[in-house]
Structure formats: structure tokens, C-alpha cells
Amino acid sequence: MTEGNDSARHLPGRERRRFPGISSRAYEHPADRSALVALRKLSGFDTVFKALSGLLPERSLRLLFLSDSVRVGDEQFAHLHHMLRDACYILDLEKVPPMYVNQDPKPNAMCIGMDEPIIVVTTGLVELLDEEEMRAVVGHEVGHALSGHSVYRTILLFLTNLALKVAWIPLGNVAIMAIVTALREWFRKSELSADRAGLLVGQDIQASMRGLMKLAGGNHLHEMNVDAFLKQADEYEAGGDLRDSVLKIMNVLPRSHPFTTVRAAELRKWAATREYQRIMDGHYDRREDDGDTSVADSFRQSANHYSETVRNSKDPLMGLVRDIAGGAGDLGGKLRDSFTGRRQNGSAGGQDETGSTS
């Protein structure tokens with residue numbers, strides 16, 4: 001491992017498993033994979049991608065962090081440097097990416113760069129998290145680097161800024177925002193993959209949960225409870241009617257990350273699967289086999305994931321999708337009831353509603 005041959009010396013006291021040659025396919029969320037495929041099929045994206053690949057001022061970006069942030073190393077933020085080396089050791093990332101701490105009270109971290117990834121964490125995040133919570137975050141960012149997410153993240157940042165500058169050009173702004181919206185949708189899904197990588201590095205589900213809770217509620221762990229926090233995710237998914245389902249979509253569209261309760265629920269669910277246990281037992285996809293990966297298999301896995309999501313979701317909109325797929329009768333009535341909340345209340349205008357299903 002470049003720069004990190006001695007990273008094994010920095011492993012914490014508790015024993016953790018290492019994953020030699022692990023492929024990002026091992027921990028990628030199916031929605032991440034399918035969203036990226038959809039993004040690449042978006043009209044005009046290939047043209048924009050090829051153009052920006054040669055035009056983005058990456059050297060300027062690196063100089064900016066070098067001149068106005070603190071580079072993590074043996075002499076500066078040594079504990080973060082050890083975590084970074086450790087995460088690269090666990091996920092077998094050969095070249096340790098440069099890492100910077102940037103003065104910003106808002107807790108955040110990102111992995112950007114076209115040619116080589118750069119990891120940036122804010123002072124707000126460093127001050128908020130304890131060692132094991134921070135270890136999961138560093139693993140999360142190394143997971144982004146291993147997956148090659150930094151390229152698309154950099155394009156997203158650039159296009160978002162560009163959209164603001166050309167907002168006065170109606171058609172130009174619409175064209176850019178179409179790609180920005182697609183990039184945001186993919187990036188939200190990629191965060192679920194990186195959360196899994198963070199768990200593989202930290203191998204402490206409670207630390208991962210605590211970190212997500214702190215991102216939502218600040219450094220008040222004595223006032224928070226993991227089970228109650230996860231119940232919020234269930235309530236968020238199942239609550240309300242179709243109006244709430246539409247509002248959820250509208251609320252998430254401008255965001256680069258999924259909501260923290262949703263991330264916590266997704267990660268807890270994955271940690272309980274056979275898939276996660278097999279990785280921990282040493283049975284996982286390896287990089288040496290990436291070239292033999294079938295695109296059709298990836299599509300099939302993504303399709304199965306979405307089918308299962310629709311089948312098991314408690315969201316009213318997903319319930320309507322199931323009704324449509326099942327050829328439900330009186331679809332107009334069901335749509336009306338879903339939007340007005342009648343199915344939840346059981347009555348409207350003093351008259352009983354009969355025959356409605358949940």
C-alpha cells in the first residue's frame with residue numbers, strides 16, 4: 001500500500017477483519033448501481049462528462065485545499081491520518097488519498113477529484129464525532145474512493161455552481177439542471193453504498209448509528225436513543241397519504257444525501273442480512289473479477305431490489321403502485337381516497353367507506 005505499508009500498526013485494540021482485493025461491487029447498494037446506469041443513459045450526459053473531464057480545474061482545486069485547509073498527516077491531525085491509513089488497509093485501497101480538514105462549523109465530509117480522489121472533512125464533523133464514529137465516516141469516504149464516486153461528485157459540484165451562474169439563461173439552466181437532478185439522485189443512492197463501506201471499516205454498527213444520529217441531532221447522545229431514532233424512519237415511510245408521498249419526493253430532490261433516519265434504517269437492515277455476514281466471513285466479490293461482471297446481472301439485481309422495495313414498502317404511493325400492478329378495481333376511487341386520507345380515516349362526510357384495502 002502506497003504511503004500506508006505500516007498502517008497495520010495503527011489498528012485499534014479490538015480485532016477487525018480485513019478484506020484483501022475486495023471489489024466495490026461487494027458493498028454497492030443496488031439502487032446506486034441502477035441510478036448510475038440511468039444517469040449514463042441521460043441524453044447529453046456523455047457529452048458533458050467528456051467535456052468536463054478535460055476542463056475541470058483539478059489542479060486549482062488541489063491548490064485551494066493545500067493553501068486554505070490543513071493537510072492530514074503524521075504531524076497534523078495524526079489520529080485522522082491513522083484512521084485513513086487503517087481504512088485503506090481494511091478495504092485494501094493501494095494508494096492512500098490525501099485528506100484535508102477544512103474550517104467549517106457544519107459537519108460534512110466529501111470525496112472529490114477527477115484524476116485522483118481527495119478526502120475533505122470539516123472541523124464541525126471532527127468536533128462532533130468520537131473515534132469510532134469518525135472511523136466509520138473515514139471508511140465511508142474511502143468507500144467512495146474505491147467505488148470511483150469522486151469523479152461524478154466533482155462534476156455535480158461544478159454543474160451546481162454553473163447552474164447558479166447561468167440561471168438567467170432559461171434553456172441553458174434547464175439543460176444543466178436536468179443533469180444536476182440526475183446526478184443528485186445517483187449521489188443519494190451512492191451514499192447508501194458508502195455507508196456500507198464505513199460499516200465494513202469500523203465493524204461497529206452502534207458507532208455507525210451514533211454517528212448518523214449526531215448528524216441529525218447534534219452532540220446530545222444522552223438525549224437520544226437508537227431504537228427511537230429508527231422508529232422515526234418507519235413513521236416517515238408509512239405515514240400520511242399520497243400527498244405526503246409527493247411532499248417526500250419534493251423535499252429530497254434538492255438534497256445530495258438521503259435523510260439520516262433513512263440512512264440509519266437502510267444500514268441497520270443491511271447489517272442483519274446474509275450478504276453482510278458472508279462478506280465478514282471472507283466471501284465477497286473481488287476486483288480481479290470486475291472485468292467479468294455481467295451488465296445483465298447488475299440490471300437483474302437492481303430490478304429485484306426495486307421489486308422488493310415496492311412489495312415491502314409501507315409508503316402510500318408504493319401501495320398504489322402495487323394496486324396498479326395487481327390490476328386493482330376502482331382505481332379512481334383508490335387514488336381519490338389515497339389523496340384525501342379516507343383510507344386512513346375509514347369515513348368521510350359522515351358516511352362509511354366500505355371495501356377499501358390498505
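The values are calculated or read from the model by the stated rules, or taken from the named source; none is laboratory data. This is a predicted model, so every value here is computed, not measured. Cβ sites come from the backbone with ideal geometry, for glycine too, and all protein chains shown count toward neighbours.
Quick one: in the stretch 43-68, of everything that is small (Gly, Ala, Ser) and over 25 Å from the mean Cα position of the chain (by Cα), which residue is modelled with the lowest pLDDT? Outline the logic, then answer.
Looking only at the stretch 43-68, we keep the residues that are small (Gly, Ala, Ser), and these are 43-44, 51, 53-54, 60, 67.
Narrowing the set further to residues that are over 25 Å from the mean Cα position of the chain (by Cα) leaves 51, 54, 60, 67.
Numbers: 51: 67, 54: 61, 60: 67, 67: 82.
Restricting to residues being small (Gly, Ala, Ser) and over 25 Å from the mean Cα position of the chain (by Cα), the top hit is 54.
Considering (1) within 22 Å of the chain's Cα centre (by Cα); (2) modelled with pLDDT of 90 or more, say which one residue 31 fails and leave the rest. Of (1) within 22 Å of the chain's Cα centre (by Cα); (2) modelled with pLDDT of 90 or more, only one is false for residue 31: (2).
The residues of the stretch 243-283 that are at pLDDT 65 or above, under 22 Å from residue 217 (Cα atoms) and crowded, with 16+ Cβ neighbours inside 10 Å, listed by number, are 257, 258, 259, 260, 261, 262, 263, 264, 265, 266, 267, 268.
The single condition from (1) at pLDDT below 90; (2) surrounded by 11 or more Cβ atoms within 10 Å (Cβ to Cβ); (3) out of contact with any Lys or Arg (no Cβ under 9 Å at 6 or more places or on another chain); (4) closer than 24 Å to residue 137 by Cα that residue 39 fails is (4). Looking at residue 19, is it modelled with pLDDT under 90, under 24 Å from the mean Cα position of the chain (by Cα) and of a type outside the set (Asp, Glu)? In short, no.
Scanning the stretch 76-122 for residues that are assigned to a helix (DSSP H, G or I) and under 21 Å from the mean Cα position of the chain (by Cα) gives 83, 84, 87, 88, 90.
Going by the conditions given, is residue 85 among the basic types (Lys, Arg), more than 23 Å from residue 195 (Cα to Cα) and either in contact with a strand residue (DSSP E or B) (Cβ under 7 Å, 6 or more places away or on another chain) or buried (at least 21 other Cβ atoms within 10 Å of the Cβ) (or both)? Reasoning before the result, please.
Working: among the basic types (Lys, Arg): yes; more than 23 Å from residue 195 (Cα to Cα): no; either in contact with a strand residue (DSSP E or B) (Cβ under 7 Å, 6 or more places away or on another chain) or buried (at least 21 other Cβ atoms within 10 Å of the Cβ) (or both): yes.
Spelling it out, it is not the case that residue 85 is among the basic types (Lys, Arg), more than 23 Å from residue 195 (Cα to Cα) and either in contact with a strand residue (DSSP E or B) (Cβ under 7 Å, 6 or more places away or on another chain) or buried (at least 21 other Cβ atoms within 10 Å of the Cβ) (or both).
Residue 190 meets each of the listed conditions (1) closer than 24 Å to residue 153 by Cα; (2) modelled with pLDDT of 95 or more apart from (2).
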